[in-house]
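Can you keep this structure in mind? I'll have questions shortly.
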Amino acid sequence: MCGKAFDQLEEVVIYRFIVPMCVWRLQRRLKIGMEWKFIRAWSTLDQLLYGSINRKKQELATKNFVDNDVHKINKMDLVTQILIMEDEDDGGDEKFIDKTSNKFLRDTAFTLIAAGRDTVAAALTWLIWCVANHPVVEKRILEELKQVMAVRPSSAIDDGEEKGGFFRNDELNKLVYLHATVCETLRLYPPVPFEHKCTVEADVLPSGHTVRKEERIIFSIYAMARMEEIWGEDCLEFKPERWISEKGTILHVPSYKFMTFLTGTRTCLGKNMSFTQVKSLASALLWNYKFELINDGCSVKPAVGMVLFMKDGLKTRVSKRDHW
Ligand code: HEM
């Protein structure tokens, strides 16, 4: 129900890009059409988010937070972390749980779910597809993972870490080729395929185009990844190597060129978190399973939307790897 409500919100945001502002504003006022859908979706999400926040506040009100609990903050859920931070800002007032407004918590939770839910899922889906389509890339990733596994301390193996096939943060940092593969996937298949900005004043863009005050500019990050003048003649090729320097380290590419997370003051706040999530899941999935694409005659195409999903999903045959 919650997932459907998020999908509906995304649908309405696309609709607002297409129809004139006066039309959707009127629909909102009259509570009709797509705008009625928007109101209902918000009400579903509000029930879920406010319900969770109230339950968490009640639970925390019965606990007595002492200084030693703060060091456990990494293991806490989002609402608790925000409440603790608010408390610290206030010099440790015991009434912190009541004071943090539910609306603030609702908005924060919504932003993080909306920004991080589908984007990471879409990135991972395209990555699995790209790797399955490029056996040489898959082989190099597996070799890199094998090297990391080979130097894992035996204590970690005894603890059962190896059996789960998950890679720790320090191990993920060593995976240069996987990092490059993630960058290349995010370049060619940016989970947020287009963006819009609005001018504050009339101006002339570096391209020479003039823009009026309060003019809306929509630009395609997906198309920019396929422009020779930005990425060179091989811009259409899937080449993780373009991200690796001669010394074998990750090349720094400025964010105004690699625009997947945008650039400037409104850069994605979850950029690092996204890399960690995608690398952590991709390494565990590729290490443990083989993904073979099912050729059912349907070619994989991007769907039109706020988030770049595959039009008909990704069909794969998954088998457990047993050779490691
Ligand atoms: C591969 C995954 C992701 C991609 C490609 C991505 C991309 C973007 C882009 C393009 C924007 C700019 C939106 C705009 O200004 O119109 C943005 C903003 C944002 N993202 Fe991400 N994002 C990803 C994952 C995440 C995750 C996991 C989180 C946190 C849980 C997150 C949190 C945010 C937030 C809070 C903003 C708003 C920043 C602001 O307006 O100042 N993102 N993201």
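Please treat every number below as a calculation from the coordinates, not as lab data. The structure displayed is predicted, hence computed values, not measured ones. Heads up, the Cβs are rebuilt from the backbone with ideal geometry, glycines too, and the neighbour counts pull from every protein chain shown.
Starting from the Cα-Cα distance between Lys139 and Phe219, subtract it from 0.36 nm times their residue separation and give me the gain in nm to one decimal. Before the final figure, lay out the partial values.
Working: separation 80, 0.36 × 80 = 28.80 nm, distance 3.56 nm.
Roughly 25.2 nm would be gained on extension.
So, one more: Scan the chain and report its longest stretch carrying no GluC sites (Glu not before Pro) that are both in a DSSP loop and have at most 11 other Cβ atoms within 10 Å. Before the final figure, lay out each step's value.
Details: sites that count: Glu94, Glu201, Glu214, Glu233, Glu246.
For GluC sites (Glu not before Pro) (loop position, at most 11 other Cβ atoms within 10 Å), the longest site-free span of the chain is 95-200.
Calculated FRET efficiency, Met21 and Val211, Cβ-Cβ r, R0 22 Å, to nearest 0.05?
Details: r = 18 Å, r/R0 = 0.81.
FRET efficiency, Met21 to Val211: 0.80.
Here is a further query. By Kyte-Doolittle mean hydropathy of at least 0.5 and Cα axial length of at least 30 Å, which whole DSSP H helices of the chain are selected?
On the way: long enough: 33-61 (42 Å, -0.53); 102-133 (46 Å, 0.67).
Both cut-offs are met by 102-133.
Another question, then. When a/c is below 1.5 the answer is rounded, else prolate if a/b is larger than b/c, else oblate, so apply that to the range 214-267 with a ≥ b ≥ c taken from the square roots of the Cα gyration tensor eigenvalues.
Numbers: a/c = 3.27, a/b = 1.60, b/c = 2.05.
Judged from the Cα gyration tensor, the range 214-267 comes out oblate (a/c at least 1.5, b/c at or above a/b).
Which order results if Phe167, Phe104, Phe275 are arranged by neighbouring Cβ count within 10 Å, fewest first?
Values: Phe167 23, Phe104 12, Phe275 18.
With the fewest neighbours first, Phe167, Phe104, Phe275 line up as Phe104, Phe275, Phe167.
Which of Lys103/Lys311; Lys197/Lys247; Lys37/Lys197; Lys257/Lys279 have a Cα-Cα distance over 31 Å?
Check vs 31 Å cut-off fails for Lys103/Lys311; Lys197/Lys247.
Set the Förster distance to 41 Å, then compute FRET efficiency between Leu251 and Arg317 from the Cβ-Cβ distance, nearest 0.05.
Numbers: r = 35 Å, r/R0 = 0.85.
That gives a FRET efficiency of 0.75.
Compute the Kirkwood hydrodynamic radius of the chain, taking the inverse of the mean of 1/r over all pairs of distinct Cα atoms, and give it in Å to one decimal.
Working: mean 1/r = 0.0433 Å⁻¹.
The answer is 23.1 Å.
Further, regarding this structure: Could you please state, rounded to a whole Å, how far the C-alpha centre of the range 1-33 is from the C-alpha centre of the range 104-152?
30
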